[in-house]
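Down below is the structure, laid out as structure tokens.
The values are calculated or read from the model by the stated rules, or taken from the named source; none is laboratory data. Just so we're clear, the structure is a prediction, and the values are computed from it rather than from any experiment. Backbone-built Cβ (ideal geometry, glycine too); neighbour counts: all protein chains shown.
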Amino acid sequence: MREGKNPIRDQRLENKESNHVIIVPFFISNKEEYFSGTLDILKLCLKSLRLNSSYDSQIHLVANGYRSIAIEKELLELHHQSIIDQLSIIAKPIGKVNAILSVLRNVRSSFVTITDADVLFLPQWDKEVLNVFKNFKKAAAVSPVPIFRTHNRLTSNIWADYLFSNKLSFSDVEDPEAMTQYAKSIGWPWLDKKYKTKYMTLTAINGEKAVVGNGHFCVTYNTSIFKALPYENADFILGGNSENKYLDEPAVLCDGYRLATLSNNAYHMGNKPEPWMSDLLNSFLPLEKEDFTILNHKFRPRKLTYKIKIKLFKNVLSRFKLLDVFYRTKGLSKNDIEFIK
């Protein structure tokens, strides 16, 4: 029998929605050697987010995989220490993208960063990303890490818009060794010099630049592009076409630009902790938090524009052997073209 009146009935919710939410998917393993260092890597990632972010953003960790009381206990401790704001634990494996979608479909903030759990963030990474959104009205997905040869993937809407403009061109890489570091972190023993000399850049009206294209291991999105998300969930635990379909294509389906910061603002750590990671993190001082600037540009799906700029335009350049001509007009030498495609 109920006695008395529930004291929280009819109380209004406080609006605590942040302008920026960070979603970190984490896979709980069943003790395979490959995953043995991932919890330590996750802690470095989360601590770098707290320490090196300019804005007081909400961090939502979504854990998925195999039940592990020991690991879940450590994740709860991270929540108790306020290293993360929200923790979701999904008991059965539903895959990386579906774990992200379980949070993403309910996000109401203007911007959301989706990052792998093995990224070490550098000071003011989020401020550098937001500056790209400020400088480019059509920026829809911006990574804090420029990666070699990303200019050629889901970026032809930028090419079409700047086909005859010198604001789209190839520039010297600002931090070539950071690209080498990224290559090593994904299992490449080295990165040839030819792959880290040039990247395609876009210049804003104020003279600021951004790199054309990005990967999807760490990206900040204007959340309005997710109106173009598929209704159904992904079919793969990891890989397949899932990340392309759910994390890459929504931007260009809305005729938004996929860009990256000119400078390197994070490191991809991989799955094994190394001394340099802790040493680097310990060298940083906490940042004084700033107000997150609200940007009002909203995207909507534009299917016809997508077909013309992403499908048809790129096909025309390739079919009529105009790609080399395009690259030459954007500043590449004949020798450069061979490795930049």
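A few notes on this one:
- Scan of the range 63-86 for residues that are modelled with pLDDT of 90 or more, part of a strand (DSSP E or B) and surrounded by 15 or more Cβ atoms within 10 Å (Cβ to Cβ), ordered by number: 63, 64
- Condition met for residue 108 (closer than 30 Å to residue 37 by Cα, in a loop (DSSP other than H, G, I, E, B) and basic (Lys, Arg)): no
- Number of positions in the range 294-318 that are of a type outside the set (A, V, I, L, M, F, W, C), under 19 Å from residue 248 (Cβ atoms) and in a loop (DSSP other than H, G, I, E, B): 3
- Members of the range 319-341 that are assigned to a loop (DSSP other than H, G, I, E, B) and either loosely packed, with under 14 Cβ neighbours inside 10 Å or hydroxyl-bearing (Ser, Thr, Tyr) (or both): 320, 321, 322, 333, 341
- Among the candidates 168, 122, 202, the residue that is modelled with pLDDT of 95 or more, within 19 Å of the chain's Cα centre (by Cα), farther than 30 Å from residue 278 by Cβ and crowded, with 18+ Cβ neighbours inside 10 Å is uniquely 202.
- Taking the range 238-247 as the range and being surrounded by 20 or more Cβ atoms within 10 Å (Cβ to Cβ) and either closer than 22 Å to residue 146 by Cβ or in contact with a Lys or Arg (Cβ under 7 Å, 6 or more places away or on another chain) (or both) as the test, the residues that pass are 243, 247.
- For the criterion of being out of contact with any Asp or Glu (no Cβ under 8 Å at 6 or more places or on another chain), β-branched (Val, Ile, Thr) and assigned to a strand (DSSP E or B), residue 103 fails.
- Residue among 94, 89 that is β-branched (Val, Ile, Thr) and assigned to a loop (DSSP other than H, G, I, E, B): 94
- Extreme residue, surrounded by the most Cβ atoms within 10 Å (Cβ to Cβ), among residues of the range 140-165 that are part of a loop (DSSP other than H, G, I, E, B) and among the polar types (S, T, N, Q): 155
- Index of the failed condition, residue 288 passing every other in (1) within 24 Å of residue 160 (Cβ to Cβ); (2) loosely packed, with under 14 Cβ neighbours inside 10 Å; (3) among the acidic types (Asp, Glu): (1)
- Residue within the range 224-241 that is within 24 Å of residue 201 (Cα to Cα) and modelled with pLDDT of 95 or more present: yes
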